[in-house]
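What follows is a set of notes on a single structure, which appears directly below.
The values are calculated or read from the model by the stated rules, or taken from the named source; none is laboratory data. Values in this document were obtained by computation on a predicted structure and should not be read as measured data. Neighbour counts are summed over all protein chains in view; Cβ atoms, including those assigned to glycine, are modelled from backbone coordinates with ideal geometry. Only protein heavy atoms, including side chains, enter the accessible area calculation; ligands, DNA and RNA are left aside. Shrake-Rupley method; radii C 1.70, N 1.55, O 1.52, S 1.80 Å.
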Amino acid sequence: LGFRPGGAAARALAAREAARMAADRGYRSDTKTLRTLATGDLYLDLPGFAPADHFDEALLPQVGALAARQLAAQSAVSRADALRHVVQSVAGDLGVRDLGAWSPAERRGFGLLAPVVAGLRDLRDWSAPERAALVAMLRAKGGAQERDYALAASAVPRFFGGIAAATRALGTRPAR
């Protein structure tokens, strides 16, 4: 159906099963094999998928470390104070002047991702449309529907590439 397993062992098993099916059109995987293949992450690459659009979820712990570093770099007496500084800085970098006019949920969504955005090394080099798309994504993070955030995030591939580059710059390897 187009899905592929994420783990190396499951990928090897899937390749063996695909070879068996190619050799014998009547071959069907047994239930145990299907359960093994369905264990762990599965990926679906749709038409038009570009490998550069892939974001490895194994980087998420490093993304958390990146955000923590951004907060720790603030000269603040509390995490809440540090977050306020980071939010103000990111809002300024993105040209957001009306954050107070946003709904509380939208401001919360912006605040959740601001420490991650602060870790982007080249944010000031982004074009105005790229920054506007990032602002839309941050605002959508606090929206009522996750779908709106996912759609907004798909319009900002540079964000995910930048986050991957920033986590690599931390000098840590993703956990496997």
Original post:
What residue, of 27, 43, is more than 17 Å from residue 7 (Cα to Cα) and not hydrophobic (A, V, I, L, M, F, W, C)?
Top reply: 27
**OP:** State the number of residues belonging to the stretch 38-67 that are among the small types (Gly, Ala, Ser), at pLDDT below 75 and part of a loop (DSSP other than H, G, I, E, B).
**Re:** 2
Subject >> Neighbours by Cβ (under 8 Å, 6+ apart or cross-chain): first from the stretch 90-111, free of Cβ contacts under 8 Å to residues at least 12 places away in the same chain; second part of a helix (DSSP H, G or I) and open to solvent by less than 40 Å² (accessible area, probe 1.4 Å) >> reply: 97/91
**OP:** Specify which of the listed residues (88, 74) is part of a loop (DSSP other than H, G, I, E, B) and modelled with pLDDT of 90 or more.
**Re:** 74
Original post:
Which one of the conditions (1) at pLDDT below 95; (2) in a helix (DSSP H, G or I); (3) of a type outside the set (Phe, Trp, Tyr) does residue 4 fail to meet, given that it meets all the rest?
Top reply: (2)
Subject >> residue 143 open to solvent by 20 Å² or more (accessible area, probe 1.4 Å), in a loop (DSSP other than H, G, I, E, B) and either under 30 Å from residue 46 (Cα atoms) or in contact (Cβ under 8 Å) with a residue 40 or more places away in the chain (or both) >> reply: yes
Original post:
Quick check: anything in the stretch 94-102 surrounded by 13 or more Cβ atoms within 10 Å (Cβ to Cβ) and closer than 22 Å to residue 158 by Cα?
Top reply: yes
Subject >> Residues within the stretch 110-129 that are touching a helix residue (DSSP H, G or I) at 6+ places or on another chain (Cβ under 7 Å), open to solvent by less than 60 Å² (accessible area, probe 1.4 Å) and either of a type in the set (D, E, K, R) or farther than 21 Å from residue 167 by Cα (or both), tallied >> reply: 1
**OP:** Select from the stretch 16-42 the residues that are within 23 Å of residue 57 (Cα to Cα), of a type outside the set (D, E, K, R) and either touching a helix residue (DSSP H, G or I) at 6+ places or on another chain (Cβ under 8 Å) or surrounded by 12 or more Cβ atoms within 10 Å (Cβ to Cβ) (or both) and list them in ascending order.
**Re:** 36, 37, 39, 40, 42
**OP:** Name the one entry in 165, 136, 150 that is assigned to a helix (DSSP H, G or I) and surrounded by 15 or more Cβ atoms within 10 Å (Cβ to Cβ).
**Re:** 136
Original post:
With respect to the numbered conditions (1) open to solvent by 70 Å² or more (accessible area, probe 1.4 Å); (2) without any contact (Cβ under 8 Å) to a residue 60 or more places away in the chain; (3) not basic (Lys, Arg), which one is the sole condition not fulfilled by residue 157?
Top reply: (2)
